[in-house]
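Quick notes on the structure that follows.
The values are calculated or read from the model by the stated rules, or taken from the named source; none is laboratory data. In this text the structure is predicted, and so the values were computed from the model without any measurement. For neighbour counting, all protein chains shown are included, and Cβ atoms are generated from backbone atoms with ideal geometry for every residue, glycine included. Only protein heavy atoms, including side chains, enter the accessible area calculation; ligands, DNA and RNA are left aside. Shrake-Rupley method; radii C 1.70, N 1.55, O 1.52, S 1.80 Å.
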Amino acid sequence: MRRILVTGGAGFIGSNYVHYNKKHRNDFILVLDSLTYAGVLDNIKEYLNDDNFVFIKGDINNRDLVLHIFKTYNIDTIINFAASSHVDRSIEDPSSFIQSNVVGTYNLLECYKDYYLDKKRELAHFHHISTDEVYGALKDGDAPFTELHQYKPNSPYSASKAASDHFVRSYVKTYGIKASISNCSNNYGPYQYPEKLIPICIINYLYARPIRIYGSGLQIRDWVHVDDHVRAIDLIIDNYKGFDCFNIGGDNEVRNIDLVLKIGKILEDLFLDKKYKDLYKESIFSKGISYKDNIIYVEDRKGHDFRYAMCSDKAKNILAYKPLINFDDGLMNTIKWYLSHKDIWYPLVFKN
């Protein structure tokens, strides 16, 4: 049984890692999360009384708290999901992204160095979660990003993640910590905070609120189901042979506008089922509005990257990773999850 510190474990990908681990391995897990707006305790509430689970509300920038956790709980694996991740918010307030993503990662690394290296203890495995956005943008026809692509971040968010990646690498090379990094493409699935594209589209169709599309909506993203991503994380940790970086993608490039329309069509078909009649009452479909007409186009976002695409060949060859969840099936299941879990996301959207 591993003893894992999961930072940001009440957020989207972190909570899905907790669910995956509890289902397949049931390691001891300690979640450290400051429960800022995107950290939702309901995401992991079913484990709060589990003997192999501890939740601590706290900040990764709290040095004394992190060292206390290392010492008290005999942690042997650290998975750093903790991050601010919404590009729009990073454009409005870059400083908070520097504090959480850069300074927070630095503090974790310093605590690691102080506890494991300076005290000559057996090293824990530090796995750091990053993003495809650190590589910049691709044009149509460009080959997908590989691990050898140069970092060219174009937003404050991606710049903060690039900086944190570099800090992890530097602590491996300079101090000898035991670490790995994964850069993932766009994740989708249950428990995602309802500001991201897929959940906000679902919710806006449900409550007849317009869906705003940046520019022409022709931007392209590679989508990977969160279950495929968290499974890849375990593969990286289990197969560790020294510092390495892995791209984790879904082999699934979709234009933003096509995805938005696809969600609308799925909802239209699902509402033929009387099972969802209560949600139907406030939706665009009850008002006779076509899902195509619920979209408005707005001025493009500053520094908006056109295309991301990930080459996961390295992970496939070394780790035997491959995405197992077909996008159509995964999207359908994600939409049904939001339809069935209004109790989790409704208070986050309609706070007043």
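Considering only 92, 253, 110, the mean-square fluctuation computed in a Gaussian network model of the chain, springs between alpha carbons under 10 angstrom, is largest for 92. Annotation: the antiparallel percentage among DSSP beta bridges lying fully within the chain is about 10. Taking each residue as 0.36 nm, the span from residue 26 to residue 143 lengthens on full extension beyond its C-alpha to C-alpha distance by 38.2 nm.
Taking 7 Å steps out from each Cα toward its Cβ at residue 274 and residue 123 produces label points 6.3 nm apart. Residues whose amide H falls under 5 Å from that of residue 136, counting only those 5 or more places apart or on a different chain, are 152, 154, with hydrogens built in the peptide plane. FRET efficiency for the pair residue 71 and residue 50, taken as 1/(1 + (r/R0)^6) with r the Cβ-Cβ distance and R0 = 22 Å, rounds to 0.50.
Oblate is the label for the stretch 12-93. Its Cα gyration tensor axes, ordered a ≥ b ≥ c, give a/c of at least 1.5 and b/c at or above a/b. Based on protein heavy atoms only, the stretch 57-173 ends up with 45 Å² per residue of surface accessible to a 1.4 Å probe. Within the chain, the proportion of C-alpha pairs whose separation exceeds 34 Å stands at 24%. Under 5 Å between amide hydrogens, built in the peptide plane, is the criterion, and for residue 126 it picks out 78, 178, 179, 180 among residues at least 5 positions away or on other chains. For the stretch 39-142, just say rounded, prolate or oblate: build the C-alpha gyration tensor, square-root its eigenvalues into a ≥ b ≥ c, call rounded for a/c under 1.5, and beyond that prolate if a/b exceeds b/c, oblate if not. Prolate.
Sequentially through the stretch 176-187, phi angles give Karplus couplings (6.51, -1.76, 1.60; θ = phi - 60°) of x, 5, 9, 8, 8, 9, 10, 10, 10, 7, 4, 8 Hz, Gly and Pro residues having no value and appearing as x.
Between residue 28 and 2, 4, the built amide H atoms are under 5 Å apart, and every one of these is 5 or more places off in sequence or on another chain. Among the protein heavy atoms of the chain, carbon and sulfur supply 48% of the accessible surface, probe 1.4 Å, non-protein parts ignored. To test your reading of the geometry: what angle, between 0 and 90 degrees and rounded to tens, separates the Cα axis of helix 256-270 from the longest principal axis of the chain? The two axes meet at around 60 degrees. Here is the P(r) of the stretch 237-277: all C-alpha pair distances, binned every 10 Å from 0, give 20, 25, 20, 18, 14, 2 in whole percents. Using a simple spin-label model with pseudo-atoms 7 Å out from Cα toward Cβ, residue 166 and residue 3 lie 3.5 nm apart. For the chain, the longest principal axis of the alpha carbon atoms and the long axis of helix 156-175 meet at an angle near 20°. Axis of helix 226-238 versus longest Cα principal axis of the chain: the two differ by about 10°, to the nearest ten degrees. Its relative contact order, with pairs defined as Cα atoms under 8 Å and 6+ residues apart, puts the chain at 18 percent.
Per-peptide packing, taken as the mean over residues of other Cβ atoms within 10 Å, places 18-28, 158-168, 239-249 in the sequence 158-168, 239-249, 18-28 from highest down.
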